[in-house]
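A.B. asks: Quick one: the structure is below, questions incoming.
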Amino acid sequence: MIKVHSIETFWTHEWPWIRVVVFMQWCLMKCLYCHNPDTIKLSWWEEMTKQDIISLAQKSKSYFWTKWWLTFSGWECLLQAKELLPIFKELKKLKYNVIIDTNWHIFNEDVEELLKYTDLVLLDIKHINEEQHKKLTWVGNENVLNFAKYLEKINKPFWVRHVLLPWYTDDEKHLNDLWDFLKDFKNMQRLEILPYHTLWVYKWKELWLKYMLDEVIPPNMEACLKAKNILEKHIKNVFIRR
Ligand code: SF4
(Lines give C-alpha, C1' and ligand atoms only; values in the text may rest on other atoms or scores of the structure.)
Protein backbone atom coordinates (compact mmCIF):
# COMPACT_ATOMS: atom_id res chain seq x y z
CA MET A 1 0.00 0.00 0.00
CA ILE A 2 1.21 3.52 -0.74
CA LYS A 3 -0.21 6.76 0.63
CA VAL A 4 -1.28 9.01 -2.21
CA HIS A 5 -2.43 12.60 -2.09
CA SER A 6 -3.76 12.85 -5.66
CA ILE A 7 -3.18 11.65 -9.21
CA GLU A 8 -2.99 13.46 -12.56
CA THR A 9 -3.54 11.14 -15.50
CA PHE A 10 -2.89 13.67 -18.26
CA TRP A 11 -0.11 15.95 -17.08
CA THR A 12 1.26 18.18 -19.83
CA HIS A 13 2.29 21.10 -17.64
CA GLU A 14 6.05 21.55 -17.03
CA TRP A 15 7.12 18.70 -19.26
CA PRO A 16 7.72 17.94 -22.90
CA TRP A 17 5.88 14.61 -22.65
CA ILE A 18 2.42 13.60 -21.58
CA ARG A 19 2.65 11.65 -18.35
CA VAL A 20 0.79 10.25 -15.36
CA VAL A 21 1.85 11.82 -12.07
CA VAL A 22 1.24 10.20 -8.70
CA PHE A 23 1.52 12.82 -5.94
CA MET A 24 2.39 11.14 -2.69
CA GLN A 25 1.72 12.26 0.82
CA TRP A 26 4.19 13.39 3.48
CA CYS A 27 7.32 15.53 3.46
CA LEU A 28 10.15 16.18 5.91
CA MET A 29 10.81 19.71 4.71
CA LYS A 30 8.67 22.74 5.43
CA CYS A 31 9.43 25.09 2.56
CA LEU A 32 8.25 28.64 3.06
CA TYR A 33 6.72 28.61 -0.42
CA CYS A 34 5.32 25.06 -0.42
CA HIS A 35 2.57 24.91 -3.03
CA ASN A 36 0.88 21.98 -1.34
CA PRO A 37 1.03 22.52 2.41
CA ASP A 38 -1.80 20.02 2.77
CA THR A 39 0.53 17.16 1.79
CA ILE A 40 3.26 17.81 4.34
CA LYS A 41 1.53 15.94 7.16
CA LEU A 42 0.82 12.24 7.05
CA SER A 43 -2.92 12.72 6.98
CA TRP A 44 -5.49 13.44 4.27
CA TRP A 45 -4.41 10.59 2.06
CA GLU A 46 -5.76 7.66 0.17
CA GLU A 47 -4.15 4.22 0.21
CA MET A 48 -3.48 2.52 -3.12
CA THR A 49 -2.22 -0.96 -3.88
CA LYS A 50 0.34 -2.01 -6.46
CA GLN A 51 -2.49 -3.29 -8.63
CA ASP A 52 -4.32 0.08 -8.40
CA ILE A 53 -1.25 1.86 -9.78
CA ILE A 54 -0.60 -0.70 -12.51
CA SER A 55 -4.24 -0.59 -13.65
CA LEU A 56 -4.10 3.19 -13.73
CA ALA A 57 -0.94 3.09 -15.83
CA GLN A 58 -2.45 0.58 -18.23
CA LYS A 59 -5.65 2.61 -18.61
CA SER A 60 -3.65 5.74 -19.39
CA LYS A 61 -1.48 4.12 -22.06
CA SER A 62 -3.51 5.44 -24.96
CA TYR A 63 -2.70 9.07 -24.00
CA PHE A 64 1.03 8.65 -24.32
CA TRP A 65 2.98 9.38 -27.46
CA THR A 66 6.13 7.39 -28.08
CA LYS A 67 7.01 6.63 -24.46
CA TRP A 68 4.93 5.76 -21.43
CA TRP A 69 5.99 8.00 -18.58
CA LEU A 70 4.96 7.70 -14.97
CA THR A 71 6.19 10.13 -12.35
CA PHE A 72 6.16 9.60 -8.60
CA SER A 73 6.27 12.98 -7.06
CA GLY A 74 5.96 14.58 -3.69
CA TRP A 75 5.77 15.70 -1.53
CA GLU A 76 8.40 13.23 -0.88
CA CYS A 77 7.89 9.95 -2.64
CA LEU A 78 11.13 8.48 -1.29
CA LEU A 79 9.68 8.33 2.20
CA GLN A 80 7.69 5.40 0.80
CA ALA A 81 10.56 3.85 -1.16
CA LYS A 82 10.09 0.39 0.32
CA GLU A 83 6.41 0.29 -0.68
CA LEU A 84 7.19 1.71 -4.14
CA LEU A 85 9.80 -0.90 -4.98
CA PRO A 86 7.44 -3.72 -6.13
CA ILE A 87 5.45 -1.16 -8.13
CA PHE A 88 8.57 0.13 -9.91
CA LYS A 89 9.71 -3.43 -10.69
CA GLU A 90 6.36 -4.24 -12.24
CA LEU A 91 6.27 -0.99 -14.23
CA LYS A 92 9.70 -1.68 -15.66
CA LYS A 93 8.61 -5.21 -16.64
CA LEU A 94 5.73 -3.58 -18.52
CA LYS A 95 8.22 -1.20 -20.20
CA TYR A 96 7.12 2.06 -18.60
CA ASN A 97 9.59 4.89 -18.04
CA VAL A 98 9.63 5.83 -14.40
CA ILE A 99 10.57 9.22 -13.00
CA ILE A 100 11.17 10.22 -9.40
CA ASP A 101 10.55 13.85 -8.51
CA THR A 102 12.17 14.49 -5.14
CA ASN A 103 13.61 16.98 -2.68
CA TRP A 104 16.03 14.18 -1.93
CA HIS A 105 16.23 14.57 1.78
CA ILE A 106 16.26 10.86 2.51
CA PHE A 107 18.65 8.09 1.54
CA ASN A 108 18.64 4.46 2.60
CA GLU A 109 18.92 0.94 1.14
CA ASP A 110 15.36 1.04 -0.19
CA VAL A 111 16.05 4.26 -2.07
CA GLU A 112 19.26 2.79 -3.46
CA GLU A 113 17.30 -0.22 -4.72
CA LEU A 114 14.49 1.92 -6.12
CA LEU A 115 16.96 3.89 -8.23
CA LYS A 116 17.84 0.72 -10.14
CA TYR A 117 14.30 0.79 -11.57
CA THR A 118 14.19 4.55 -12.19
CA ASP A 119 14.88 6.16 -15.57
CA LEU A 120 15.17 9.79 -14.59
CA VAL A 121 15.38 11.78 -11.37
CA LEU A 122 14.09 15.33 -10.96
CA LEU A 123 16.04 16.77 -8.08
CA ASP A 124 15.06 19.97 -6.28
CA ILE A 125 17.93 22.00 -4.89
CA LYS A 126 16.34 24.69 -2.76
CA HIS A 127 19.51 26.53 -1.75
CA ILE A 128 23.20 25.78 -2.08
CA ASN A 129 24.09 27.33 1.26
CA GLU A 130 23.40 25.18 4.34
CA GLU A 131 22.17 27.98 6.60
CA GLN A 132 20.00 29.56 3.92
CA HIS A 133 18.60 26.14 3.09
CA LYS A 134 17.58 25.77 6.72
CA LYS A 135 15.87 29.16 6.66
CA LEU A 136 13.89 28.16 3.59
CA THR A 137 13.04 24.55 4.43
CA TRP A 138 13.82 24.03 8.15
CA VAL A 139 16.42 21.36 7.29
CA GLY A 140 20.02 21.40 6.03
CA ASN A 141 21.06 20.59 2.46
CA GLU A 142 23.84 18.05 3.08
CA ASN A 143 21.70 15.06 2.08
CA VAL A 144 20.45 16.83 -1.03
CA LEU A 145 23.92 17.67 -2.30
CA ASN A 146 25.22 14.19 -1.46
CA PHE A 147 22.37 12.74 -3.47
CA ALA A 148 23.42 14.65 -6.56
CA LYS A 149 26.91 13.19 -6.13
CA TYR A 150 25.46 9.71 -5.68
CA LEU A 151 23.42 10.02 -8.89
CA GLU A 152 26.59 10.94 -10.73
CA LYS A 153 28.41 7.99 -9.20
CA ILE A 154 25.76 5.48 -10.33
CA ASN A 155 25.46 7.15 -13.72
CA LYS A 156 21.77 8.02 -13.34
CA PRO A 157 20.39 10.84 -15.54
CA PHE A 158 18.91 13.72 -13.57
CA TRP A 159 17.50 17.19 -13.92
CA VAL A 160 17.97 19.86 -11.28
CA ARG A 161 15.15 22.27 -10.47
CA HIS A 162 15.65 25.44 -8.56
CA VAL A 163 13.02 27.91 -7.37
CA LEU A 164 14.04 31.51 -8.03
CA LEU A 165 12.81 33.32 -4.95
CA PRO A 166 13.55 37.05 -4.58
CA TRP A 167 15.61 37.90 -1.46
CA TYR A 168 16.44 34.23 -0.92
CA THR A 169 17.83 32.53 -4.04
CA ASP A 170 18.27 35.24 -6.67
CA ASP A 171 21.51 36.91 -5.57
CA GLU A 172 24.61 36.57 -7.69
CA LYS A 173 26.73 34.88 -5.05
CA HIS A 174 24.18 32.14 -4.53
CA LEU A 175 23.76 31.54 -8.28
CA ASN A 176 27.52 31.46 -8.75
CA ASP A 177 27.88 28.93 -5.92
CA LEU A 178 25.11 26.86 -7.49
CA TRP A 179 26.79 26.55 -10.90
CA ASP A 180 30.10 25.95 -9.19
CA PHE A 181 28.59 22.92 -7.46
CA LEU A 182 26.80 21.63 -10.56
CA LYS A 183 29.20 22.40 -13.38
CA ASP A 184 31.05 19.07 -13.42
CA PHE A 185 28.08 16.71 -13.21
CA LYS A 186 27.97 14.78 -16.49
CA ASN A 187 24.60 13.12 -15.80
CA MET A 188 22.75 16.37 -15.19
CA GLN A 189 20.75 16.75 -18.39
CA ARG A 190 19.18 20.11 -17.65
CA LEU A 191 18.80 22.78 -15.04
CA GLU A 192 15.38 24.37 -14.68
CA ILE A 193 14.77 27.74 -13.09
CA LEU A 194 11.31 27.79 -11.52
CA PRO A 195 10.19 31.37 -10.92
CA TYR A 196 8.47 31.71 -7.54
CA HIS A 197 4.74 32.36 -7.84
CA THR A 198 1.84 32.88 -5.48
CA LEU A 199 -0.87 30.77 -7.10
CA TRP A 200 -1.06 28.40 -4.13
CA VAL A 201 -0.99 30.89 -1.29
CA TYR A 202 -4.73 30.49 -0.82
CA LYS A 203 -4.13 26.93 0.43
CA TRP A 204 -2.07 28.26 3.34
CA LYS A 205 -4.86 30.65 4.22
CA GLU A 206 -7.50 27.91 3.97
CA LEU A 207 -5.48 25.73 6.32
CA TRP A 208 -5.06 28.67 8.72
CA LEU A 209 -1.29 28.52 8.34
CA LYS A 210 0.84 31.63 8.49
CA TYR A 211 2.39 32.41 5.10
CA MET A 212 5.80 33.98 5.66
CA LEU A 213 6.41 35.27 2.13
CA ASP A 214 3.49 37.67 1.85
CA GLU A 215 5.82 40.54 1.02
CA VAL A 216 7.85 38.75 -1.63
CA ILE A 217 6.90 39.67 -5.19
CA PRO A 218 7.40 36.97 -7.87
CA PRO A 219 10.43 37.60 -10.11
CA ASN A 220 9.81 39.26 -13.48
CA MET A 221 11.24 37.99 -16.76
CA GLU A 222 14.26 40.28 -16.47
CA ALA A 223 15.23 38.72 -13.11
CA CYS A 224 14.74 35.22 -14.54
CA LEU A 225 16.91 36.00 -17.56
CA LYS A 226 19.59 37.48 -15.32
CA ALA A 227 19.71 34.25 -13.30
CA LYS A 228 19.74 32.19 -16.50
CA ASN A 229 22.66 34.21 -17.90
CA ILE A 230 24.70 33.61 -14.77
CA LEU A 231 24.00 29.88 -14.71
CA GLU A 232 24.42 29.16 -18.40
CA LYS A 233 27.91 30.58 -18.56
CA HIS A 234 29.05 27.32 -17.08
CA ILE A 235 26.17 24.88 -17.50
CA LYS A 236 24.46 23.64 -20.65
CA ASN A 237 20.69 23.37 -21.00
CA VAL A 238 19.45 25.99 -18.54
CA PHE A 239 15.72 26.66 -18.96
CA ILE A 240 13.22 28.98 -17.37
CA ARG A 241 10.05 27.07 -16.68
CA ARG A 242 6.84 29.06 -16.61
S1 SF4 B 1 9.83 19.79 -0.46
FE2 SF4 B 1 8.03 20.19 -1.71
S3 SF4 B 1 6.34 19.31 -0.55
FE4 SF4 B 1 8.05 19.43 0.83
S5 SF4 B 1 7.68 21.35 1.87
FE6 SF4 B 1 9.04 21.76 0.16
S7 SF4 B 1 7.73 22.39 -1.52
FE8 SF4 B 1 6.44 21.41 0.06
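The values are calculated or read from the model by the stated rules, or taken from the named source; none is laboratory data. Given the structure is predicted, the values throughout are model-derived calculations rather than measurements. Here Cβ is always computed from backbone atoms with ideal geometry, including for glycine, and neighbour counts include all displayed protein chains.
A.B. asks: For the stretch 141-161, indicate whether the set of residues that are touching a residue at least 24 places away in the same chain (Cβ under 8 Å) and among the small types (Gly, Ala, Ser) is non-empty.
C.D. replies: Within the stretch 141-161, the subset touching a residue at least 24 places away in the same chain (Cβ under 8 Å) is 143-148, 150-152, 154-161.
Remaining after also requiring among the small types (Gly, Ala, Ser): 148.
For the stretch 141-161, residues touching a residue at least 24 places away in the same chain (Cβ under 8 Å) and among the small types (Gly, Ala, Ser): present.
A.B. asks: Within the stretch 165-181, can you find the residues that are part of a helix (DSSP H, G or I) and crowded, with 20+ Cβ neighbours inside 10 Å?
C.D. replies: Within the stretch 165-181, Leu175, Leu178 meet the criteria.
A.B. asks: Can you pull out every residue in the stretch 113-137 that is away from the ligand (no atom under 16 Å from the Cβ) and without any contact (Cβ under 8 Å) to a residue 12 or more places away in the chain?
C.D. replies: Lys116, Glu131
A.B. asks: Something else now. Give the residue, chosen from Lys50, Lys89, Lys95, Lys67, that is away from the ligand (no atom under 16 Å from the Cβ), of a type outside the set (Phe, Trp, Tyr) and either at pLDDT below 85 or closer than 15 Å to Thr9 by Cβ (or both).
C.D. replies: Lys67
A.B. asks: Here's a follow-up. Report, by residue number, each residue of the stretch 199-215 that is in contact with an Asp or Glu (Cβ under 9 Å, 6 or more places away or on another chain) and either exposed (fewer than 14 other Cβ atoms within 10 Å of the Cβ) or free of Cβ contacts under 8 Å to residues at least 24 places away in the same chain (or both). Reasoning before the result, please.
C.D. replies: Step one: of the stretch 199-215, the residues in contact with an Asp or Glu (Cβ under 9 Å, 6 or more places away or on another chain) are 201, 203, 206-207.
Across the stretch 199-215, the qualifying residues are Val201, Glu206, Leu207.
A.B. asks: Also, I was wondering about something else. When the stretch 192-223 is examined, which residues are found to be modelled with pLDDT of 95 or more and in contact with a helix residue (DSSP H, G or I) (Cβ under 6 Å, 6 or more places away or on another chain)?
C.D. replies: If the condition is that a residue be modelled with pLDDT of 95 or more and in contact with a helix residue (DSSP H, G or I) (Cβ under 6 Å, 6 or more places away or on another chain), then Ile193, Pro195 are the ones that fit.
A.B. asks: Tell me, yes or no, whether the stretch 24-35 has at least one residue that is surrounded by 13 or more Cβ atoms within 10 Å (Cβ to Cβ), at pLDDT below 80, more than 22 Å from Asp119 (Cα to Cα) and away from the ligand (no atom under 11 Å from the Cβ).
C.D. replies: The answer is no; no qualifying residue exists.
A.B. asks: Would you please name the residue that is farthest from Asp52 (Cα to Cα), looking only at residues in the stretch 98-112 that are aliphatic (A, V, I, L, M) and at pLDDT 85 or above?
C.D. replies: Val111
A.B. asks: Which pairs turn up if I take residues in the stretch 170-190 that are under 14 Å from Lys236 (Cα atoms) and look for partners that are polar (S, T, N, Q) and assigned to a loop (DSSP other than H, G, I, E, B) with beta carbon separation below 6 Å, at least 6 apart in sequence or on another chain?
C.D. replies: Filtered contacts from the stretch 170-190: Arg190/Asn237.
A.B. asks: Right, here's the next one. Restricted to the stretch 116-164, and to residues that are in contact with a strand residue (DSSP E or B) (Cβ under 9 Å, 6 or more places away or on another chain) and of a type in the set (D, E, K, R), which residue is surrounded by the most Cβ atoms within 10 Å (Cβ to Cβ)?
C.D. replies: Looking at the filtered set, the residue picked out is Lys126.
A.B. asks: Filtering the stretch 98-112 down to residues that are more than 16 Å from the ligand (Cβ to nearest atom) and not in a loop (DSSP other than H, G, I, E, B), which residue is surrounded by the most Cβ atoms within 10 Å (Cβ to Cβ)? Walk me through it before giving the result.
C.D. replies: Step one: filter the stretch 98-112 for residues more than 16 Å from the ligand (Cβ to nearest atom), giving 98, 108-110, 112.
Now restrict to residues that are not in a loop (DSSP other than H, G, I, E, B): 98, 109-110, 112.
On the way: Val98: 21, Glu109: 9, Asp110: 17, Glu112: 12.
Filtering first and then ranking leaves Val98.
A.B. asks: Sort through Asn143, Asn155 and tell me the only one that's farther than 25 Å from Arg242 by Cβ, among the polar types (S, T, N, Q) and assigned to a helix (DSSP H, G or I). Working first, answer last.
C.D. replies: Numbers: Asn155 fails: assigned to a helix (DSSP H, G or I).
On inspection, the qualifying residue turns out to be Asn143.
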